[in-house]
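Following: one structure in structure tokens, then a few remarks.
The values are calculated or read from the model by the stated rules, or taken from the named source; none is laboratory data. Just so we're clear, the structure is a prediction, and the values are computed from it rather than from any experiment. Every residue, glycine as well, gets a Cβ built from its backbone with ideal geometry; the counts of neighbours run over all protein chains shown. The area values use the complete protein model at the heavy-atom level, side chains included, leaving out ligands, DNA and RNA. Shrake-Rupley method; radii C 1.70, N 1.55, O 1.52, S 1.80 Å.
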Amino acid sequence: MNEKTQIDLRRYQSNLALSGMAYIAFGIWSVIRLIIQFALTDLQMNPESLELLSGSTALFAAFAVIVVFFVITLTGIQIFIGFKAIKYARNLGGSVILPIVTAFLVLLHIFGIVYIFMAMFDTKQDGTDTSIAAILIEITTLIIVFDMMWSSIRIKMLNPAKEKHK
Amino acid sequence: MNIDFHYYATYCAALLAGYSHEQSMEICYSAQFVDLCSKTLLSKLKAPTNAATTQLQTELADTRTDIIGLQDITRIWSSFHFLPYDLYAVKPNRTRAYMRKYRLICKPNSDLLVKTVNLARGGSLQHIGIAMHILADTWAHAYFAGTPSLVINNMSTEVLEVVTDEEGNETEQRVKFKHTPGSPDDIENRVYTNTIYQGSETSIMNLGHGRAGHLPDYSFIRYTYLPAWDDYRKILKDNPAEYYKAFTQMVYALKTIREGSEEFRKDIYDEEATAPYKERIKRIISTRQISASQDWKEFGEELSGCTVDDFDINKYQDEYINASADDKDKTFLGRFIKGALAQKGMVTDSIVKSGNPLAGMIRFKISKLKGALHV
């Protein structure tokens, strides 16, 4: 392995580890944001659903549980992928799955951004400021995930046979 | 470097360069004193505090890191411990703020080193000692800068020591770092102390080789690491080889100063004078120990036939305190202070002249007395 390859490999490993940590941080932020939303503000949802849920405490509670479960599951997946990325960067494991999963996440986040844009122009829903914030977060997350995908692909190309350090 | 090299090894080098025992003692005392001459000590002596050649940990803990504080820190550390290699270095696609720090990176055989040694020619033995300290540190402290900077002085957490077994096979063993400065390094298990990671660019933790701990100051160790400034390139720091070069270059520098026939030039090493003792010197340098003081001391005493006193920081303080105002410059510490001021002025002026405001914004003129500074 020549020096340029080694330098590139270290660069992408560093990027991947950093992106993995950032993705974990964003996952944890999702949980914190949810707690803040429950504690301080009403959940953002369309008026018909809100009208339906507000009539029944049990239904609202069930909805809240579902939301919490959904967010925690997503966060768990984010944390899992983040740790996988870090392991892959440090030559401690991982395989071709990581590039595929991160490619899927890239598409998912692109759809998320598109959805938020469309929701911004939906006259029935309010909260342009929160939409803008959400878009910024989504774009940032997209960049992180894209970097994870690109770095993992490049690492695979540069170092097909990984070695473990002591 | 530590006292083993700055004091005892410098003594040996001075002897090999032809200085007498007494002269060598003055030179090596001054070389070691550079690591101890802080503002606190100078205040105690009622000496000019701008002659400080180091900062204590307690002083650093209290130091401001705004531009004024940073300039003060940079003046001291760049002038005496991390002599910049190339004040006009070029690196593409970097901001001006980054380049100001990049240009302060220390490496051996710089133009400033030539100026440092030649500035000491015709000066006092104390000034010569200061120059030798700086020369030695350019080897040990290479690739670090004497200014607090995360983007320059940080390094990867993965530091690998290159270990050679009895059969000559080399392997890399990971070094572990801890952040307990009170406890000694465990060199057998490769556990060393370094400064804690601080994300702030100008944190004191990112000054000099703090992030590498004492690794640069151990003569026996060879290790690889990734410095923050080198774009993912790995550096092999071969301390045994570099310490030997530092020693032979010191002998050459001291000879040029003593004989006065030619000016000091970089990349020249006096292998001839050290040849009879090469194996012994390499053995001292390569022995895995925290301090090689005893080995160097024994070597020095064999060379001179005289006893090498242990370093005593209080040795010359009474002489300075009790001297009259007119006679202070003639005392041992007075001559040291003059040499320190001259050196600091020269380096600071060079940095300012290069357009780098990190060491100050005013140019100094060095008077003929080599100590009085005129703005």
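Residues that are small (G, A, S), within 14 Å of chain A (Cβ to nearest Cβ) and closer than 27 Å to A:R11 by Cα: does region B:206-227 have at least one?
Checking region B:206-227: not a single residue is small (G, A, S), within 14 Å of chain A (Cβ to nearest Cβ) and closer than 27 Å to A:R11 by Cα.
Consider B:T193 carefully, then state whether it is of a type in the set (S, T, Y), within 14 Å of chain A (Cβ to nearest Cβ), open to solvent by less than 20 Å² (accessible area, probe 1.4 Å) and more than 25 Å from B:L125 (Cα to Cα).
Criteria not met by B:T193.
Could you list, in sequence order, the residues of region B:45-67 that are more than 18 Å from B:S30 (Cβ to Cβ) and part of a loop (DSSP other than H, G, I, E, B)?
Passing the criteria: B:K46, B:Q55, B:L56, B:T63, B:R64, B:T65, B:D66.
Counting only residues that are open to solvent by 20 Å² or more (accessible area, probe 1.4 Å) and touching a residue at least 24 places away in the same chain (Cβ under 8 Å), how many does region B:26-40 have?
Result for region B:26-40: 3.
B:E263 passes all but one of (1) more than 21 Å from the chain's Cα centre (by Cα); (2) in contact (Cβ under 8 Å) with a residue 40 or more places away in the chain; (3) assigned to a helix (DSSP H, G or I); which number fails?
(3)
Would you pick out the residues in region B:152-169 that are within 14 Å of another protein chain (Cβ to nearest Cβ) and either crowded, with 18+ Cβ neighbours inside 10 Å or at pLDDT 90 or above (or both)? Working first, answer last.
Taking region B:152-169 as the starting set, the residues that turn out to be within 14 Å of another protein chain (Cβ to nearest Cβ) are B:154-163.
B:N154, B:M155, B:V159, B:L160, B:E161, B:V162, B:V163 - these are the residues of region B:152-169 that are within 14 Å of another protein chain (Cβ to nearest Cβ) and either crowded, with 18+ Cβ neighbours inside 10 Å or at pLDDT 90 or above (or both).
Against the condition open to solvent by 40 Å² or more (accessible area, probe 1.4 Å), within 14 Å of chain A (Cβ to nearest Cβ), acidic (D, E) and in a strand (DSSP E or B), how does B:E172 come out, does it pass?
Yes: the conditions hold for B:E172.
Go through the residues of region B:115-128 one by one and say whether even a single one is in contact with an Asp or Glu (Cβ under 7 Å, 6 or more places away or on another chain), within 17 Å of B:T54 (Cβ to Cβ) and either surrounded by fewer than 22 Cβ atoms within 10 Å (Cβ to Cβ) or of a type outside the set (A, V, I, L, M, F, W, C) (or both).
Yes; the residues of region B:115-128 include at least one that is in contact with an Asp or Glu (Cβ under 7 Å, 6 or more places away or on another chain), within 17 Å of B:T54 (Cβ to Cβ) and either surrounded by fewer than 22 Cβ atoms within 10 Å (Cβ to Cβ) or of a type outside the set (A, V, I, L, M, F, W, C) (or both).
Regarding region B:231-239, can at least one residue be identified that is aromatic (F, W, Y), touching a strand residue (DSSP E or B) at 6+ places or on another chain (Cβ under 9 Å), within 14 Å of chain A (Cβ to nearest Cβ) and buried (at least 16 other Cβ atoms within 10 Å of the Cβ)?
So far as region B:231-239 goes, no, none of its residues is aromatic (F, W, Y), touching a strand residue (DSSP E or B) at 6+ places or on another chain (Cβ under 9 Å), within 14 Å of chain A (Cβ to nearest Cβ) and buried (at least 16 other Cβ atoms within 10 Å of the Cβ).
Scan (1) of a type outside the set (A, V, I, L, M); (2) loosely packed, with under 15 Cβ neighbours inside 10 Å; (3) without any contact (Cβ under 8 Å) to a residue 40 or more places away in the chain for the single condition B:D86 breaks and write down its number.
(2)
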